[in-house]
Amino acid sequence: MLLEYSKIFFFTYSVSEILEKHGLEKPISYVKNTQSSSEEARKLMVRLTRHTGRKQPPVGESHWRGLLQDMLTMQQNVYMCLDSDACYEIFTESLLCSSRLENIHLAGQMMHCSGCSINPPTSIAHKGKTQYRVSYKKSIDLVLAASREYFNSSTNLTDTCMDLARCCLQLITDRPPAIQEELDLIQALGCLEEFGVKILPLQVRLCSDRIGLIKECICQSPMCYKQSTKLLGLAELLRVAGEDPEERRGQVLILLVEQALRFHDYKAANVHCQELMATGYSKSWDVCSQLGQSEGYQDLATRQELMAFALTHCPPSSIELLLAASSSLKTEILYQRVNFQIHPEGGESISMSPLMSKALQEVSLGSNSADLLHWTTATTMKVLSNTTTTTKAVLQAVSDGQWWKKSLTYLRPLHGQEFGGVYQIGTRANEGLEKQGCHPFYESVISNPFVVEHIPVESLAEVLLRTGKLAETKTEGEEVFPTTEVLLQLASDALPNDMTLALAYLLALPQVLDANKCFEKQSHSALSLQLAAYYYSLQIYAQLAPCFRDKCHPLYRADPKELIKMVSRHVTLYGHEAWPEDLAALTKQLHYYNERLLDFTQAQILQGLRKGVDVQRFTADDQYKRETILGLAETLEENVYSIALSLAQRYSVSRWEVFMTHLEFLFTDSGLSTVEIENRAQSLHLFETLKTDPEGFHKHMVKYIYPTIGGFDHDRLLYYFTLLESCGCADLGKYAIQPETHVRLLKKFKVVASGLDYKKLTDENMNPLEALEPILSSQNILSISKLVPKIPGKDGRMLSPSSLYTIWLQKLFWTGDPHLVKQVPASPQEWLHAYDVCMKYFDRLLPGDLITVVDAVTFSPKAVTKVTKKIASRRLAILEEMNIILLVCQFETLQKYGYLYDLSRSEKEKVYNQAVTMCLDGQPLRMIQQLLEVAVGPLDISPKEIVQSAVTKIVSALSGGSADLGGPADPLHVLEGVVAAVHASVDEGEELVSSEDLLEWLRPFCANDAWPVRPRIHVLQILGQSFHLTEEDGKLLVFFRTEAILKATWPQRQVRVLLMQSSHCVHQYISLFQMPAFFSLQTSVTNNPWVRLATVMLTRCTTENKEGLGNEVLKLCRSLYNTEQMLPAEGVKELCSLLLGQALLLPSLKLLLESPDEHLHAMALDHITAIAKVNDSNCDQELLSLLLDAKLLVKCLSTPFYPRLIQHLLASPQLGRWDPEELARQLREAGHEAEAGSLLLAARGTHRALRTFSTALGAAQHWV
């Protein structure tokens, strides 16, 4: 017992010491008296922790942790009445309230800061295995208490206590709602300051109606209504309306709308109102009504929408006022639509009557919407009453012709635009009236209806009707609104989408028959035609049995189909004459639409056959109806064929046409055999009817059926001609062969020539023998020879058996026959055997035909190519005589000549033509002579005649004639071959043709100045290259060249050949141009005729033609290259001096460089070196090429030409002409290594950025 007391005393004493250590002195008696009181123990712990927190300087973390350990010791030893959790909570709370950030962070380590963390058991925490933390729920309470204490004690957002409050709240990482609310409250203080609201944080917390804070923001910052997002965010931070976001948003938006209206910012107000209406916030009806009644807001449609919302959600006491305002607004909208239709903004200027313009101006000047109804109705009625009694008269007041062209109807001046029609969307979807349109409300009671998905806008017609009826109501019926055209337009618009409404519009028409205008405009469908019949049935019944207007008559509840049947039966029973005139007109209309409906029903039956029938077109188009019925007759289906017959009977289509169409189908597209066609035609009794019109039958058979029958289908052709014969068509048309003859021929040919193309045989434009030849054989030749006298030839005369045997014997000889010549002949014995067989039938040939057969087997192309040499002995002898030439000439060419000779049969004309061809081909004259010698018979043709004839053809071709030279070869090239052959013959001493002969034949052409100069020059040059020209011919050649030059330089100068008659005349002619004799062959440069000619040309040139003359001189010199008259180096030097004297540097340089003389090249380099700037007058691509050809690149290195030479070399690479590597080697040898390397780099495509000086040097050393 004493030991127990001692232990208690020791623990009590230790607690007293702990308290003294921490600056809180308490006697042992205090500890002993309070050890069993949990309340006193808690207070002691709180005082201890708070006392530590107030120490100065502040204690550190280690001290706080020591304090916590002491508190736990006190609790375990003495204050066991206090839970250890309470110690942790008191300790943590004191840390949070210590006003120091580091202590707050330490407190965070003592707490569970997320709902996901786990608190270890207290026993484990006490054992020190893991740190104990305050529970998550208690942690939230401690943090909230501390943060609220800091928040409430703050003076503004920047107060340090506010940072402490924020720091406390941020300890809880998952931010539950209570924590987030406190953080939002702190954030809200910043927003309030942005809007200029000065208020203590505590006042914000204590504010019960926080929407007042939003009002204060608007009051302090009037334009903040444009910052709706920020204000809505502030309201959310302040928890306006608690946790109801819709209510919160509604209250704020109402304030924004009110503020926007104060500033007449209707656009902003509408944005907020639209949002309010979209959410269905009913308390916003007041601000919506305010905006809807704001006359300054011009968007009437939006105002109407706002008023509709206000009427929906307003209290009963406000309905009357809002209805009045809404009615006035709707009237204003109606007027605006009328005004827009008549005078669209931004459209074309529309001229109106003075009455209309004045009325519109009166309304436009008004500003008070309260009087708008009166103005609108008065204006409308004034316009209507001052024109005519129809709505059409209203629109006739518009006098602009273009306006009428744009209008679909009288009441649609803006077709296709915004107010184009009330049911524009629906019309597109159900424009064919295939379904019954109805209002969505009635969708469930109508089978397969068409429902408009979009609410349509009002049309002009509806606006006029509503406005007019409103005016009519205002005057109590004294002024009647003319409604006919308006109602018709409304009915047309409504028909596709709401047929019941359309019928109501039609029933309201003052004149019953006016409904036809609406019905005829609609697409014809079963529904539209039934509606028309139903309409007239209703009208007729109502007139026969009038109904009361004060209640619904059972008539309108009756089944429409039954009503139509009953009324139709009733009026048909008594006839049209039994009814009064007005009622008779209605009965006629009912009958008309019943007939149309019947037509349409039958057309639908056709459509059900799936034959591609357009139902609407069938009912409206008679021609289409007829074609459809005939088209249905083209079938093998009995039901479709029966329908075609019945339709033909109903619509008065000829039965003959139906039968003829069906017969054409049987022949062309049915796919039936001939026997099946014949059986079907008999079973349907077609010909009894078709025979009634033989001419029409014959016409259709020839035009439509015969072209479809194949020539090999003998059965079908036999049936075709049998029908023509049986139907009396023998006397119709111009027949080369009568139908009965066709029948007899076909019956025979079916047996003996089944593979015969009979249509080709009887075609007037074809040779019948060509059709017979493929099927002829020894087995049928006799039978067919008896038939051919009945077959006309291409010339109209009947064929003979001899002509038939003629083609058959040729076929027999060449291809054989299974019974007579069993295989195609190949050897001499076989050819002779085939010929012997053919000879047996020669007695059946006429003399002319016999010659034809013999020619075909001996001198035809087949005979030449197929018959062997032993058979064609004559051809062999000729080839043996030409054996020497065979060794010299090409074998294929000789074979061609032998082939042509075989075909000629030694006829003089053919041999002559062949010899001329050989001459034109350039063959030796000896070969031509041998050809003429081996020909059979006296031809009396010499090689000289042959060559003369060939030269004549060449001259004709050169003169522009159409002579055939055996191909597209150039005449001059052909002439060269002929001249070469003659020259070879002369050299061999054959004396067949002499050079004088050629000159004699060609001189007239060369001397004729009517032909171009150049061909004549070429002819003389060709002669001069092979033969020695006489002095006169040489002068002639020089003269032609002179003439060519003079004509190029002076086209107006005429050189006449007559001057060539003597040399004296020539000298006189040349002296006219101050030139010596052109034809003198002196060696002196000054006396050279070409130098003198160029001198005169250049001295007489003008500034305009100077450059052209320089080019002509250059051409002149070039034309002399490689000739005897080529200018010497001194002559070139003289000409260059003349050109330089005329400042023609470019042609001068070209002449110098084209010469092979190095001295002239040096002159050219001197001139190039003197050039300071390169341009088009002293350089072109040709000059650069000449410099490269002359290998002057290295010598031009120091001149401005070098860059262009390099560029030209790289841009125009010519393999084998200029070698960049060779040029680089020349540059390097001349000491220009860098330039050589640069050239190689550029030639090998190295990028310009890599072409440096060092790279170029390296390239030159590596590659050169």
Difference of contour (0.36 nm per residue) and Cα-Cα distance, Leu609 to Thr500 = 36.0 nm
key: Zone of Leu1120's modelled label, taken as backbone nitrogen in the range 1097-1111 under 17 Å from a point 7 Å along Cα→Cβ   = 1097-1099, 1110-1111
remark   = Once Ile199, Ile564 are ranked on solvent-accessible area with the largest value leading and a 1.4 Å probe, the list reads Ile199, Ile564
inquiry  = If I model a spin label at Lys32 and Asp843 as a point 7 Å from the Cα along the Cα→Cβ vector, what separation in nanometres do I get?
reply    = 17.9
remark   = FRET efficiency (Glu990, Gln1207; Cβ distance; R0 60 Å; to 0.05) is 0.50
task = Give Lys198/Lys230; Lys521/Lys611; Lys811/Lys908; Lys748/Lys790 a once-over and call out the pairs whose C-alpha atoms are over 21 Å from each other.
result = Lys521/Lys611; Lys811/Lys908
note = Residue by residue through the range 587-598, the couplings from Karplus 6.51 cos²θ - 1.76 cosθ + 1.60 with θ = phi - 60°, in Hz, x for Gly and Pro, are 5, 4, 5, 4, 4, 4, 6, 5, 5, 4, 5, 5
task = Express in nm, to one decimal, how much length is gained between Thr858 and Ala301 on full extension, taking 0.36 nm for each residue of separation and deducting their alpha carbon distance.
result = 190.0 nm
ask   = Once you put a point 7 Å from the Cα of Cys81 and another 7 Å from the Cα of Val640, both along the Cβ direction, what distance in nm separates them?
value = 11.2
task = Work out the FRET efficiency for Glu740 and Tyr706 from their Cβ-Cβ distance, taking R0 = 22 Å, and round it to the nearest 0.05.
result = 0.85
ask   = Can you give the accessible area of Thr500 in Å² (nearest 10), computed on protein heavy atoms with a 1.4 Å probe?
value = 90
ask   = Accessible area, 1.4 Å probe, largest first: how do His112, His983 sort?
value = His983, His112
request  = Keeping all protein chains in position, work out how much accessible area Lys215 exposes to a 1.4 Å probe, and write it in Å² to the nearest 10.
outcome  = 110
His264/Glu194 FRET efficiency (R0 25 Å; Cβ-Cβ; nearest 0.05) = 0.45
query = To the nearest 10 square angstrom, how much accessible area does Asp209 have with a 1.4 angstrom probe?
reply = 90
query = Considering only protein heavy atoms and a 1.4 Å probe, what is the carbon-and-sulfur percentage of the accessible area of the range 1141-1222?
reply = 53
query = What ranking of Trp814, Trp1011 comes out by heavy-atom accessible area, probe 1.4 Å, highest first?
reply = Trp1011, Trp814
Hypothetical label at Arg175: residues of the range 243-264 whose amide nitrogen lies under 19 Å (7 Å Cα-Cβ projection) = 243-245
Lys, Arg +1 and Asp, Glu -1 on Cβ, resulting dipole of the range 1-111 about Cα centre, debye, nearest 20 = 300
ask   = Gain in length, Val480 to Thr158, computed as 0.36 nm per residue apart minus the alpha-carbon separation, to one decimal in nm?
value = 108.1 nm
query = Using modelled backbone amide H atoms (1.01 Å from N, in-plane), which distant-in-sequence or interchain residues come within less than 5 Å of Val134's amide H?
reply = Met111, His112
task = Obtain the nm distance between the two label points defined at Glu1130 and Gln649 by a simple spin-label model: each point lies 7 Å from its Cα along the Cα-to-C-beta direction.
result = 12.2
task = Name the aspartates and glutamates eligible as straight-distance cross-link partners of Lys760: C-alpha to C-alpha under 13 Å, and not fewer than 8 places from it in the same chain.
result = Asp713, Glu770, Glu773
query = Between Gln436 and residues 5 or more places away or on another chain, which pairs have amide H atoms under 5 Å apart, with H built 1.01 Å from N, and which residues are they?
reply = Phe450
request  = Would you work out if the range 576-617 is rounded, prolate or oblate? Take a ≥ b ≥ c from the square roots of the eigenvalues of the alpha-carbon gyration tensor; rounded if a/c is under 1.5, else prolate when a/b is larger than b/c, oblate otherwise.
outcome  = prolate
inquiry  = Longer than 18 Å from Cα to Cα, which of Lys283/Lys330; Lys565/Lys588; Lys750/Lys786; Lys588/Lys625; Lys435/Lys561 are they? Say none if no pair is.
reply    = Lys283/Lys330; Lys588/Lys625
note = Taking a ≥ b ≥ c as the square roots of the eigenvalues of the Cα gyration tensor, with a/c under 1.5 meaning rounded and otherwise prolate when a/b exceeds b/c and oblate if not, the range 62-103 is oblate
query = Can you give me the Cα centroid spacing of the range 677-754 and the range 1142-1195 in angstrom?
reply = 91
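The values are calculated or read from the model by the stated rules, or taken from the named source; none is laboratory data. Since we're looking at a predicted model, the values are computed, not measured. No Cβ is skipped: glycine too gets one built from the backbone with ideal geometry, and neighbour counts run over all protein chains shown. These area figures cover heavy atoms from the full protein model, side chains too; ligands, DNA and RNA do not enter into them. Shrake-Rupley method; radii C 1.70, N 1.55, O 1.52, S 1.80 Å.
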